[in-house]
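**Q** Provided herewith is a single structure, encoded as structure tokens, for subsequent inquiry.
Only the coordinates and a few stated rules stand behind these numbers; no lab work does. Every value quoted in this text rests on a predicted model; they were computed, and no experiment measured them. Ideal geometry is used to build each Cβ from the backbone, glycine not excepted, and the neighbour counts take in all protein chains shown.
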Amino acid sequence: MRGHANKIETLHYLNSFSSNSRSTPWFHVSRMAMGTHLGDMNKADSTLYQESIEFALSNGINFIDTALNYRGMRSERDIGAVLSKLIKNEKKIRREEIVISTKAGIIPGDIDLQLRPENYLKEKLIATGILQEKDLHIIDNHKHVLKPSYYEFAIEQSLNHLNLETIDIHYIHNPEISKHVLEDEKFYMELERLFKFYEDQVERGTIRFYGMAVWTAFTEDPVAPGYISLEKVMHTAQKVAGSSHHFRFIQTPFNFYNQKACTDQNQQVQGKWRTLFQAAEELDVYVTTSAPLDCGRLRGNQDQNADQLIRFVLNTPEILSAMIGMRRIETVKSNIHSYIERAGSKQ
């Protein structure tokens, strides 16, 4: 399916449902986005996800987030099946109305091929010459790469899974693993090579923007080995492509019990210490967030219920959109009822 999100079509879509949206110079998004991380790698959960994704896209949520490695590649494939149904077959929505983000960098498995990550690495990546053993950055059981040849392969896989010509946002997934292994100088050198690749992909039309989706990299102590300076990342992008670079988005965990992104002044911009949210604003980067319920661990909290915890995140003004895992259609319906002022429906 050709095309990508644009400002006119996304605004038209969101105006049909809700005033609860936020904007970038390139498109508008619902404050609540659909995350697809959690769940089993089976047909039952794929059915649940496809029902939920279809309902979300038909009722006011125009932002879907995933990753190549989520659920053994099943999450991307589930999204692709729904996009084909709604855009290509039934024509209920337009490609230009929705924003799709995905990620790469972590070695995936492929449940459809019955390949665990270690076997996928050997058979599909090393045996084919896409990666070499020296390209792997390993901490405990976590394997990460910054090699452009891998990202070229990953983007091609994601496009096939999603049935798309262009991905709106492509993130480097958990780059703190590579940063921990490579340390400062070598990490930013590798990053420069990867950014050159990304800018070429933008020119080719396979992606529109790129960024980083981290777990701790932007919010931990600056002396920590996995810490990444957003200012240095931006300088790298500017070195590669000047002010017209396409590094415009980051994703970081944020919830009621993890507010480091807006409380800890650990990012330096022009010699002054800033919080991550402040640094992102000064550096012209848009922030999306993950783990509003800490991957489900906050659901059992006795002090505040899930509704209050999600509302706290959605009402944080510095956040473009919050990724919320919604595997079940009942969860999507409840969240839409709670957070989206309905003005209409496409089904």
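**Q** Want the number for Glu281 to Ala44: 0.36 nm per residue separation, take away the alpha-carbon distance, what's left?
**A** 81.2 nm
**Q** Could you compute the net charge surrounding Ile107? Neighbours are other residues with a C-beta less than 13 Å from the C-beta of Ile107; K and R count +1, D and E count -1.
**A** In short, +1.
**Q** Using 0.36 nm per residue, how much length does the chain from Lys134 to Glu156 gain when fully extended, once their Cα-Cα distance is taken away?
**A** Between Lys134 and Glu156, full extension yields an extra 5.6 nm.
**Q** For the chain, what percent of Cα pairs sit more than 32 Å apart?
**A** Taking all Cα-Cα pairs of the chain, the fraction more than 32 Å apart is 26 percent.
**Q** Additional query: Over the chain, what relative contact order in percent results from Cα pairs under 8 Å that are six or more residues apart?
**A** Numbers: 693 pairs, mean separation 71.3, N = 347.
Here the relative contact order equals 21 percent.
**Q** OK, next. Which of the aspartates and glutamates could a cross-linker bridge to Lys88, judged by Cα under 14 Å and excluding same-chain residues fewer than eight apart?
**A** Glu54, Glu96, Glu97, Glu165
**Q** Quick check on the chain: helices-only [θ] at 222 nm, where DSSP H runs of length 4 and up contribute -39,500 (n - 2.57) each and the sum goes over total residues. Nearest 500, please.
**A** Value at 222 nm, helices only: -11000 deg cm²/dmol.
**Q** Something else: Counting C-alpha atoms alone, how compact is the stretch 135-236: give Rg to one decimal and Dmax as a whole number, in angstrom.
**A** 13.7, 42
**Q** Put a dot 7 Å past each Cα toward the Cβ at Ser16 and Lys272; how far apart are the dots in nm?
**A** Result for the modelled spin labels: 4.4 nm.
**Q** Highest mean first, what order results for 57-66, 118-127, 326-335 on Cβ atoms within 10 Å?
**A** 57-66, 326-335, 118-127
**Q** Report, in cubic angstrom per residue, the convex hull volume of the C-alpha atoms of the stretch 75-153. Before the final figure, lay out each step's value.
**A** Values: hull volume 9.4 nm³, N = 79.
Dividing the Cα hull volume of the stretch 75-153 by its residue count gives 119 Å³.
**Q** Just to confirm a number: summing +1 for Lys and Arg and -1 for Asp and Glu over residues other than Lys272 whose beta-carbon lies under 14 angstrom from that of Lys272, what do you get?
**A** With Lys, Arg at +1 and Asp, Glu at -1, the neighbours total -2.
**Q** Further, regarding this structure: Which lysines, if any, have their Cα less than 30 Å from the Cα of Lys122, not counting same-chain residues under 8 positions apart?
**A** Filter leaves Lys43, Lys103, Lys134, Lys143, Lys147, Lys179, Lys186, Lys196.
**Q** While we're on this one: Can you give me the convex hull volume of the Cα atoms of the stretch 156-201, divided per residue and expressed in Å³?
**A** Taking the convex hull of the Cα positions in the stretch 156-201, it is 83 Å³ per residue.
**Q** Report, largest value first, the span of the C-alpha coordinates of the stretch 1-106 along each principal axis, in whole Å.
**A** 37, 31, 25
**Q** Follow-up question, since we're still on this one. What is the magnitude of the charge dipole of the chain about its Cα centre, with +1 placed on the Cβ of each Lys and Arg, -1 on the Cβ of each Asp and Glu, and no other charges, expressed in debye to the nearest 20?
**A** Dipole magnitude for the chain comes out near 840 debye.
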